[in-house]
Amino acid sequence: MRNGCLFIAQLGFLWLIYQLGQLLSESFHLPVPGNVLGMIILFLLLSFNIVKINWVEKGALFLNKHLSFFFVPIAVGLMTYTSLLKESGLALAVILFGSSIIGMALTGGVSQFLSARQIQREKGEDAGERRHSI
Amino acid sequence: MSVVTLFSIVLTLGIYMLARVLAVRFPSPLTTPVFLSTAAIIFVLVGSGISYEEYTPAKEMMTYLLGPATVALAVPLYRNRYVLWQKAVPAFLGMIAGTLATIASAVWLTKAFHLTTTTAASAAVKSVTTPVAIEVARIIGGDPALSAIFVMVAGMFGAMFGPWLLTAMKVTDPFSRGLSMGTTAHGIGTAQIVNEGSLQGAVSGAAMGFAAILTSVILPWFFPLLK
């Protein structure tokens, strides 16, 4: 019972931060949507120890795990676009999927390549320092 | 609450829970929960003659926590903050390369198929989260409604095939996998990759945010260059 209340309170707290993000995003016409701004706000509150991680952790991890669920009812809206699919579905599929694959390959590839180089360079520096100390 | 709304909620929850079980037992792009649930629900709605308008009140109730759920991504972000900080440079350059490449290829492919500039502008924003996509689409001359569909399809594609494609392209580093999903498939991709690991989820959530900011800053001048 107590756990249940705590869980609801955590969800309520996350909801409040979301509303704050929305409010800031709308009133200052920021290029960041309210939900992302809320994420940044909570991250800062946690980083500066204003909010303790265990205040939000249980509720947050539950929502993380089921984040997919919230997109399902929205995606069901695709059912109203069957005519668009029939008209130019194939071309759109090539455009959307093709550009996504290119973007994925480059983002992941560049990041992985640079991370590996960074790790190697750090190892090299470590070895250099060790030689000095000997 | 009307009977149709109650039915829609029970249906959506039931199918989602079933889809999660199936995803674990038979892992495949086709059993990706967000895809399988959506397809099954559309099938049932069409079969029982319920329109999307009738489903909408249920949708409103069920998506009430989407905002707070996105805010909740701050928790994995906070837990993995040191790794993120350490890899800030590779992450930043990876995101810039990926974002520019996605936009350019989407615009050029649209032109190759002789579709309208409005379609190109709507496709250019497809990798970022919906609220940002529709705003930026409006600025560069796209159709916000069409953009919203493209965003949904890109996210769905990323969630279904992203992890598999990344493995095929030998992107095995968990950090880079998360980065790639968040940059190209926003929240839907993040929702999928968070189940692969906390680090992947954290990076993906952060990348989704940065990609949204990056896109809204560069597209107004980058898009005219591509036309």
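The values are calculated or read from the model by the stated rules, or taken from the named source; none is laboratory data. Note that this is a predicted model, so its numbers are computed, not measured. Glycine gets a Cβ as well: all are built from the backbone with ideal geometry, and neighbour counts include every protein chain shown. Side chains included, ligands, DNA and RNA excluded: accessible areas come from the protein's heavy atoms. Shrake-Rupley method; radii C 1.70, N 1.55, O 1.52, S 1.80 Å.
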Computing the accessible area with a 1.4 Å probe over protein heavy atoms, can you report the carbon and sulfur percentage for the range A:1-65?
72 percent
Distance cut-off 14 Å, percentage of C-alpha pairs in the range A:1-65 lying past it:
60 percent
Projected area of the range B:140-217, taken from the Cα convex hull and averaged over every viewing direction, in nm²?
5.1 nm²
Order of exposure, largest accessible area first, which applies to A:Phe62, A:Phe113, B:Phe222 with probe 1.4 Å
A:Phe113, A:Phe62, B:Phe222
Those helices of chain B passing the 30 Å axial Cα length cut-off and the mean Kyte-Doolittle cut-off of 1.0 (DSSP H runs only) are B:3-25, B:88-112, B:144-168, B:198-226
Please report the carbon-and-sulfur percent of the accessible area for chain B; probe 1.4 Å, protein heavy atoms only, DNA, RNA and ligands left out.
73 percent
How many partner chain Cβ atoms sit within 10 Å of a residue's Cβ in peptide B:93-100, on average, as a whole number?
6
Hey, can you list the DSSP H helices of chain A whose Cα span along the axis is 18 Å or longer and whose average Kyte-Doolittle score is at least -0.5?
A:2-27, A:34-47, A:82-133
Can you show me the helix-derived [θ] at 222 nm for chain A, built from DSSP H runs with n ≥ 4 at -39,500 (n - 2.57) apiece and divided by the number of residues, rounded to the nearest 500.
-30000 deg cm²/dmol
Mean 1/r over distinct Cα pairs of chain B, inverted to a Kirkwood Rh in Å, yields 18.5 Å
Along principal axes, Cα extents of the protein assembly as shown, largest first, whole Å:
80, 61, 46
To the nearest 10 square angstrom, how much accessible area does A:Tyr81 have with a 1.4 angstrom probe?
90 Å²
Before rounding to the nearest 500, sum -39500 (n - 2.57) across all DSSP H runs of length at least 4 in chain B and divide by the residue total; then give [θ] at 222 nm in deg cm²/dmol.
-27000 deg cm²/dmol
Between the chain alone and the structure with every protein chain in place, find the residues of the range A:55-71 that drop at least 20 Å² of accessible area; heavy atoms, 1.4 Å probe.
A:Glu57, A:Ala60, A:Leu61, A:Leu63, A:Asn64, A:Lys65, A:His66, A:Leu67, A:Ser68, A:Phe69, A:Phe70, A:Phe71
Shielding by other protein chains, B:22-35, mean Cβ within 10 Å:
1
Taking the range B:50-131 as the region of interest, what is the percent of Cα-Cα pairs per 10 angstrom bin, listed from the shortest bin to the one with the maximum distance?
14, 24, 29, 27, 7, 0
Solvent-accessible area of B:Met62, probe 1.4 Å, all protein chains present, reported in Å² to the nearest ten, please.
20 Å²
So how much accessible surface do B and A hide from each other in total, probe 1.4 Å, in square angstrom to the nearest 100?
7200 Å²
Of the accessible area of the range A:76-134, computed with a 1.4 Å probe and all protein chains kept, carbon and sulfur make up a percent value of 62 percent
Over all residues in A:42-49, what is the mean tally of Cβ atoms on other chains that come within 10 Å of each residue's Cβ?
4
Rounded to the nearest whole Å³, what is the per residue volume of the convex hull around the Cα atoms of chain A?
221 Å³
B:Lys227 accessible area, 1.4 Å probe, all protein chains in place, Å² to nearest 10:
130 Å²
How large is the accessible surface per residue of the protein assembly as shown, computed with a 1.4 Å probe and reported in Å² as a whole number?
47 Å²
From the P(r) of the range B:3-64, can you give the percent of Cα pairs sitting at distances over 20 Å?
26 percent
Listed here are the pairs A:Lys123/B:Lys170; A:Lys86/B:Lys59; B:Lys87/B:Lys126; A:Lys86/B:Lys111; which of them are more than 21 Å apart at the Cα?
A:Lys123/B:Lys170; A:Lys86/B:Lys59; B:Lys87/B:Lys126
Taking a quarter of the surface of the convex hull around the Cα atoms of the range A:76-134, what do you get in nm²?
5.9 nm²
